[in-house]
Amino acid sequence: MTHKMDSRFDHKKLEPEIYKNWEISGFFNPDNLIKKGVIKKNAKKFSMVLPPPNVTVILHMGSAFMLVIEDIMVRFNRMRGKKTLWVPGTDHAAIATESKVVKLIQKKERKSKHDIGREAFLKRVNDFAIESRATIISQTKAMGSSLDWSREAFTLDDKRNLAVRTAFKRMYDDGLIYRGDRVINWDPKGQTTISDDEVIYKEVKAKLYTFKYSKDIPISIATTRPETKLGDTAIAVHPKDERYKKYIGKTFDAEFAGEKISLKVVGDRNVDPKFGTGALGVTPAHSIIDWEIAKVNNLPIKQVINEYAQMTVGIEGVKGEKTAIARKAVVEWLKKNNLLEGEEEIDQNISTAERTGAIIEPLPKLQWFVDVNKEFIIPRSSIKGIRSGQRTTLKKLMRTAVKNGQIKFVPKRFEKSYFHWIDNLKPWCISRQIWYGHRIPVWYRKNTKGKLQNERIYVGVDKPRGSGWKQDPDVLDTWFSSALWTFSTLGWPLDWVKGKAKKGSDLETYHPTSILETGYDILFFWVARMILMTTYNLGEIPFETVYLHGLVRDEKNRKISKSLGNNIDPLDMIALYGADAVRMSLIIGTAPGGDSKISEDKIRGYRNFSTKIWNASRFVLMNYDKTITARPVYTKYDKDALKQLERIKKTVTEDLENLQLHRAGEKLYHYFWHTFADKIIEKSKPRLNSKKLSERAAAQKVLLTILTETIKMLHPFMPYVTEEVWSLLPNGHNAKKNLLMIEKW
RNA sequence: GGGCGAUUAGCUCAGUUGGCUAGAGCGCUUCGUUUACACCGAAGAGGUCGGGGGUUCGAGCCCCUCAUCGCCCACCA
């Protein structure tokens, strides 16, 4: 029997065809695996959700890396006969998407979102998201990802919106979501608040100015931001500081750069007597710490900077100016009035917004928060160590689910970061002053009773009856909806009745999910918040294992980014070398939690491997003569080779079960190329021509057996070339001409 | 300031509970068109596993210490 095989695997032509066949088979959907009898109805489950890519970004090496790791896990488990589900979706990514579309419109039409109006603007963003989603899906498919597209979700679709509103309402009723007036991180560019986690610190050189507010005030203070001092309402000193003790309780008045200020001297133990002058000008409206000092000491709060980072008070050159310009003007004013006592260059960490890069301006604002320390009663809990009906807090839930071993991290060291983060966790600010996202399910109505005016608040899943209600204009932090992802994609809240999953629902079958695989960079943003939301809303863990991967870097160990010009586009690489090669090169040499080093050389190397697989298969098939019916007589070498194969099977299986994908891949690579192709095939050549048919039968049988088994094991790693080879194997070796993807491991 | 990690061949990295005569890919040297594959094969050079100390019959792996690099968190006005 001879095969007409080219000497190359034509990935460009065959990969899309093969993917189509997989899709037609329907086997990405576990329901079909049961229906067609591939697996039993009561087979063990293996479920995963895809970390939904932002609709703003096209596929990059980072997402390719994630897709490969997850697809290997999924394909392996599917072949092991598990009821395997991998749920795809995309993330609306509120701020990121909105600011992208704002920029696009600004560039093309020179219009702001306000020019267009809320409703029309949202339609534009939505159109953008739909288009983007289509691109992402086709790219995800090109990687060979065996996702169940029939269950595809979007963090902002109707079902997910219902989940968001339901969760919000529950948390509000439990007192875990509250509205509070506090100094928050304001992004003047994005015109919105952001959470503490979205603040990025950058080290810069700054000047520390030492000065007096006026000649009549005996205390000097130091600051890097003189312009904010127009909003000072107090001077804080350490209560035991001998220099200043005598002033505590006194109030000084002054006119500072055109603004009348009144400063009360207060004692506060948080003031470091050794820093600067040992006295701190308290600016409650523009510093989170000062806000806290103000609360404790009952100080007035005076805002002097607006949402555009402009001064609202002060002399000419200060009022109406951006803070950076006003700062210089205030320093000039200090000099002119002989109040400046010194300036010193220091290193300072300034806070910037993760998405827009703008310098954060702390401002007092009325916002919605999630309280992680407030006690509530959890109606039902399967978290070990927390009983149903027990009083607990979100923080305790988050900690317990990991501490008790129900959720395991791979690599384990990330558990430490996780606990550290929880320990430092403050209220989570969830409201955003943008338009794109889940609108906060809160309505307000002004009531007038006689002379009394008050505002009524209604929080609910749906809008209240009656007229005059206005919905809160803000939307939720995008992570609020992604935090629900593991269960909102499986049918919560509709399939969740009386604290239990409906019989036969996805929620019952697939929750908790088996593994959550994602990048360590969103451990806090996402993983921790999923644990929070799932333990709270379901009383269950969201996943049994958290597997974290690192960044993709280039051969010089630099982060891959467009601005560095070292961007390797996975789609270009797929076109050149095939998806199998790209997949292998991302996996090999990358331990869990580690960064993946990629280069075109490396990809080329694995393309060569793919060709090697192809040609070794070609050789075996060319030499397979089915007319030989002689009983094979195996040599010791044959037996040893088959024994070795069994050993490889065992250790590769173990590695995959232990999530050591890189080791399994490396072993297979090495075994296939340097043992099977270089040694076993070479040694078989004379025997394949032997006059003794029993010898020929043995040789070809051994080759075919090893080929069949290695192709199977390589399938999760290199699904395309292996599926194609599989289809060419003689009958009896590829069972009933089934697809390799559902072959039993 | 607190925490985590890395340091293994020229380069990029594997090496899970200590048993290695220390591996891979790329690169390098020499040779080779033979029933698949030159996107190939054969042979080879190249490492005191960051320094020092300790535990052990035995340490790249465990403990202590120093050095360098990286990351995360907090943030002093």
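Condition check ((1) open to solvent by less than 30 Å² (accessible area, probe 1.4 Å); (2) aliphatic (A, V, I, L, M); (3) without any contact (Cβ under 8 Å) to a residue 40 or more places away in the chain; (4) assigned to a strand (DSSP E or B)) across all residues:
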site	(1), (2), (3), (4)
A:Leu507	yes, yes, yes, no
A:Glu517	yes, no, no, yes
A:Leu523	yes, yes, no, no
A:Ile531	yes, yes, no, no
A:Thr535	yes, no, no, no
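Can you say whether A:Glu743 is in contact (Cβ under 8 Å) with a residue 60 or more places away in the chain and open to solvent by 50 Å² or more (accessible area, probe 1.4 Å), as far as the supplied structure shows?
no
Results for (1) polar (S, T, N, Q); (2) open to solvent by less than 70 Å² (accessible area, probe 1.4 Å); (3) assigned to a strand (DSSP E or B); (4) within 17 Å of A:Gly437 (Cα to Cα), shown as yes or no for each residue.
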residue: A:Lys103; (1), (2), (3), (4): no, no, no, no
residue: A:Gln106; (1), (2), (3), (4): yes, no, no, no
residue: A:Val125; (1), (2), (3), (4): no, yes, no, yes
residue: A:Gly144; (1), (2), (3), (4): no, yes, no, no
residue: A:Ser150; (1), (2), (3), (4): yes, no, no, no
residue: A:Tyr172; (1), (2), (3), (4): no, no, no, no
residue: A:Gly175; (1), (2), (3), (4): no, yes, no, no
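Is there any pair with a first residue in the range A:673-701 that is under 21 Å from A:Arg647 (Cβ atoms) and open to solvent by 20 Å² or more (accessible area, probe 1.4 Å) and a second that is assigned to a helix (DSSP H, G or I) and hydrophobic (A, V, I, L, M, F, W, C) whose Cβ atoms are under 6 Å apart and which are 6 or more apart or on different chains, and what are they?
none
Would you point out the residue of the range A:338-359, among those that are among the hydrophobic types (A, V, I, L, M, F, W, C) and either in a strand (DSSP E or B) or closer than 27 Å to A:Leu532 by Cα (or both), that is most open to solvent (accessible area, probe 1.4 Å)?
A:Ile359
Yes/no per residue for (1) modelled with pLDDT of 90 or more; (2) in contact with a Lys or Arg (Cβ under 6 Å, 6 or more places away or on another chain); (3) not aliphatic (A, V, I, L, M):
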{"position": "A:Thr518", "(1), (2), (3)": "yes, no, yes"}
{"position": "A:Leu538", "(1), (2), (3)": "yes, no, no"}
{"position": "A:Pro542", "(1), (2), (3)": "yes, no, yes"}
{"position": "A:Tyr547", "(1), (2), (3)": "yes, no, yes"}
{"position": "A:Arg553", "(1), (2), (3)": "no, yes, yes"}
{"position": "A:Arg558", "(1), (2), (3)": "no, no, yes"}
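Tell me which residues, restricted to the range A:580-600, are open to solvent by 30 Å² or more (accessible area, probe 1.4 Å) and either within 13 Å of A:Arg8 (Cβ to Cβ) or near RNA strand B (Cβ under 8 Å from one of its atoms) (or both).
Result: A:Gly589, A:Ala591, A:Asp595, A:Lys597.
Looking at the structure I just gave you, is A:Ser690 at pLDDT below 90, within 9 Å of RNA strand B (Cβ to nearest atom) and not aromatic (Phe, Trp, Tyr)?
So A:Ser690 fits the description; yes.
Working carefully through the options A:Lys636, A:Lys626, find the one that is surrounded by fewer than 15 Cβ atoms within 10 Å (Cβ to Cβ), without any contact (Cβ under 8 Å) to a residue 12 or more places away in the chain and away from RNA strand B (no atom under 11 Å from the Cβ).
That would be A:Lys636, the only listed residue that is surrounded by fewer than 15 Cβ atoms within 10 Å (Cβ to Cβ), without any contact (Cβ under 8 Å) to a residue 12 or more places away in the chain and away from RNA strand B (no atom under 11 Å from the Cβ).
Considering only the range A:52-90, how many residues are under 17 Å from the mean Cα position of the chain (by Cα) and open to solvent by 10 Å² or more (accessible area, probe 1.4 Å)?
Residues in the range A:52-90 being under 17 Å from the mean Cα position of the chain (by Cα) and open to solvent by 10 Å² or more (accessible area, probe 1.4 Å): 11 in total.
Tell me the strands (runs of 3 or more DSSP E) entirely within the range A:188-274 that contain at least 2 residues that are among the polar types (S, T, N, Q) and open to solvent by 10 Å² or more (accessible area, probe 1.4 Å).
A:220-223
Find all pairs meeting these conditions: Cβ atoms under 8 angstrom apart; at least six residues apart or on different chains; first residue within the range A:52-75 and closer than 22 Å to A:Asp127 by Cβ; second residue at pLDDT 95 or above and aromatic (Phe, Trp, Tyr).
A:Pro52/A:Phe154; A:Pro52/A:Trp485; A:Val55/A:Phe128
Residue under question is A:Lys295, and the condition is that it be outside any loop (DSSP other than H, G, I, E, B), modelled with pLDDT under 95 and within 16 Å of RNA strand B (Cβ to nearest atom); does it hold?
Judged against the criteria, A:Lys295 is a match.
Please verify whether A:Tyr577 is among the aromatic types (Phe, Trp, Tyr), within 14 Å of RNA strand B (Cβ to nearest atom), within 21 Å of A:Lys141 (Cα to Cα) and touching a residue at least 60 places away in the same chain (Cβ under 8 Å), treating the condition exactly as stated.
Here the answer is yes, as A:Tyr577 does meet what is asked.
Kindly indicate whether A:Trp333 is under 26 Å from A:Ala528 (Cβ atoms), modelled with pLDDT of 95 or more and not in a loop (DSSP other than H, G, I, E, B).
The answer is no for A:Trp333.
Inspect the range A:661-673 for any residue being of a type in the set (Gly, Ala, Ser) and more than 8 Å from RNA strand B (Cβ to nearest atom) and give the result as yes or no.
yes
Which condition number in (1) open to solvent by 30 Å² or more (accessible area, probe 1.4 Å); (2) within 16 Å of RNA strand B (Cβ to nearest atom) is the one that A:Ile603 fails?
So A:Ile603 meets the others, but not (1).
Test each condition in (1) touching a Pro at 6+ places or on another chain (Cβ under 8 Å); (2) of a type in the set (Ser, Thr, Tyr); (3) in contact (Cβ under 8 Å) with a residue 40 or more places away in the chain for A:Ser481 and report the one that comes out false.
Looking at each condition in turn, A:Ser481 falls short on (1).
The values are calculated or read from the model by the stated rules, or taken from the named source; none is laboratory data. Note that the coordinates shown come from a computational prediction; the quantities given were computed from them, not determined experimentally. Ideal geometry is used to build each Cβ from the backbone, glycine not excepted, and the neighbour counts take in all protein chains shown. Keep in mind that these areas ignore ligands, DNA and RNA; they rest on the heavy atoms of the full protein, side chains included. Shrake-Rupley method; radii C 1.70, N 1.55, O 1.52, S 1.80 Å.
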